[in-house]
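Working notes for the structure below.
The values are calculated or read from the model by the stated rules, or taken from the named source; none is laboratory data. Note that the structure is a prediction, hence the values are computed from the model and not measured. Using ideal geometry, Cβ is built from the backbone for each residue, glycine included, and neighbour counts are taken over all protein chains shown. For accessibility, only protein heavy atoms count, side chains too; no ligands or nucleic acids. Shrake-Rupley method; radii C 1.70, N 1.55, O 1.52, S 1.80 Å.
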Amino acid sequence: MHILFLTQVLPYPIDAGPKMRSYYVLRYLAARHQVTLLSFVRPTDRPEAAAHLAEFCAAVHTVPMRRRPDRELLAAARSLLTGEPFLIARDLSPEMVTSLRERLAETRFDAILADQLWMARYALIAGELQPEARLILDQHNAVFMIPERLAEGEKNPFKRLFLGRETGRLKAFETAVCRQFDHVVWVTEEDRAAVCDLLTDDDPPLAPSTIIPICLDPEDSRWVEPASPTHRVTFIGGLHWPPNAAGITWFAREVWPRIAAERPDAVLTVIGKNPPAELVRLAAGDPHIEVTGYVADPTLYLAETGVFIVPLHAGGGMRVKVIEAWAWGLPIVSTTIGAEGIHYREGVDLLIADRPEDFAVAVCRLLDCPAEAEAMAAAGRRAVERHYDWRTVYHAWDDVLAADLLEVA
């Protein structure tokens, strides 16, 4: 098949959850079909990343992502006037539409795959120009749940108002989009159910769908040999993403002082670009909180990590940091939402805690019991190999494409 793959982030290097999903789906499909990649790129994306993707794609085309304050204001105004979600309106790009039309003029595609909700509009444009092409949407998240959950913990009334309005608009947009595709792939059953629950009895049904989780390559995600002592409590995640920023700030403010009182030798290490101001302020007042910014290779930190934390209270889809930590061989403490959509056994693969006092007790338990931590890490590694290896799980994409071919026939 000739497949056009549309993505909002250049899926390499694999340094974020959305990139991991896009990269291994792209790898799998490109090994079996002729795949043309059309992707936004940011100033931090390097030419060698696109060159790597070109090694297995039939063609790679990129369009600069232009986010400036003036364009953000225009997007906000357009959102107010049209009712379109701001998160969607801000990524409207005439340059992307132009490049899309050029790709469609060059090739007749059998399938057009939109990677994440942000690229759905472009796939629908392509569908109008090539109506015989099958439209597939890869839904990494039930997106409306992100601002909805953030609003629950937001104290600023203006931010809470904006998040509430954005939630309502995303609910309408997301359900409408999921009707217009020929097939929707979800990463978790929870996300599919959340969007289905928005429908009334009078609404038309959503498109046919399949659950395919986010996967990684266990062979490339090597077990990290622990150093001595393993005194770090570590968080890794892009802090430009509001659920990550809110979660680790909550941990540093509400949970960490309880741990520090029990384990004064412990160090909280936060790895991720664009740390929020409150986290930086908390770190400035505590020599045992280390905020590193982005780290290309965190292996040295991981080797000293006694507990990996996922303290999220918002978000959707799968938290890739859980399966990454399992692959590295690290014991995990997570909130319920942080482990949402993951195939785990509580107390065997990881520990779940939602209240500050419970989270602190769970972290100290693993720091104080290295044998239990080691057993939990080993169980997590087995869970990755059993449930989240892209080479085996992504055969499900064959069924998605085969179903579309049968519908054409």
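None of 189, 174 is open to solvent by 10 Å² or more (accessible area, probe 1.4 Å), out of contact with any Asp or Glu (no Cβ under 9 Å at 6 or more places or on another chain) and not β-branched (Val, Ile, Thr) except 189. Residue pairs whose Cβ atoms lie under 6 Å apart, sitting 6 or more positions apart in sequence or on different chains, and linking a residue in the range 54-78 that is assigned to a loop (DSSP other than H, G, I, E, B) to a partner that is surrounded by 14 or more Cβ atoms within 10 Å (Cβ to Cβ), are 56/30; 57/30; 57/35; 57/37; 58/34; 58/35; 58/36; 65/40. If you scan the range 15-45, which residues turn out to be hydroxyl-bearing (Ser, Thr, Tyr) and more than 21 Å from residue 188 (Cα to Cα)? Matches in the range 15-45: 36, 39, 44.
When restricted to residues that are open to solvent by 20 Å² or more (accessible area, probe 1.4 Å) and not in a helix (DSSP H, G or I), the range 353-396 contains 5. Quick one: in the range 217-239, which of the residues that are hydrophobic (A, V, I, L, M, F, W, C) and at pLDDT 95 or above is surrounded by the fewest Cβ atoms within 10 Å (Cβ to Cβ)? Checked the range 217-239; the qualifying residue surrounded by the fewest Cβ atoms within 10 Å (Cβ to Cβ) is 235.
Does residue 87 qualify as being at pLDDT 95 or above, assigned to a helix (DSSP H, G or I) and surrounded by 12 or more Cβ atoms within 10 Å (Cβ to Cβ)? No, not satisfied. Scan the helices (runs of 4 or more DSSP H) fully inside the range 240-345 and keep the ones with 2 or more residues being closer than 30 Å to residue 67 by Cα, open to solvent by 50 Å² or more (accessible area, probe 1.4 Å) and of a type outside the set (Val, Ile, Thr). The qualifying helices (runs of 4 or more DSSP H) are 242-250, 277-284. Sub-7 Å Cβ pairs linking a first residue in the range 182-207 that is farther than 19 Å from residue 140 by Cβ to a second residue that is open to solvent by 10 Å² or more (accessible area, probe 1.4 Å) and part of a helix (DSSP H, G or I), at least 6 apart or interchain, are 199/175; 204/179, ordered by first then second residue.
Test residue 50 against the stated conditions and say whether it is in contact with a strand residue (DSSP E or B) (Cβ under 7 Å, 6 or more places away or on another chain) and either at positive phi or at pLDDT 95 or above (or both). Yes, satisfied. Listed by first and then second residue, the pairs linking a residue in the range 250-272 that is free of Cβ contacts under 8 Å to residues at least 40 places away in the same chain to a residue that is among the basic types (Lys, Arg) and crowded, with 18+ Cβ neighbours inside 10 Å, with Cβ atoms under 8 Å apart and 6 or more places separating them unless they lie on different chains, are 267/232; 268/232; 269/232. Taken as a whole, the condition of being hydrophobic (A, V, I, L, M, F, W, C) and open to solvent by 50 Å² or more (accessible area, probe 1.4 Å) does not apply to residue 38. From the residues in the range 220-233 that are in a loop (DSSP other than H, G, I, E, B) and among the aliphatic types (A, V, I, L, M), which one is farthest from residue 299 (Cα to Cα)? Result: 227.
Within the group 159, 171, 155, which residue is under 23 Å from residue 318 (Cβ atoms), free of Cβ contacts under 8 Å to residues at least 40 places away in the same chain and basic (Lys, Arg)?
On the way: 159 fails: under 23 Å from residue 318 (Cβ atoms); 155 fails: under 23 Å from residue 318 (Cβ atoms).
Answer to the check: 171.
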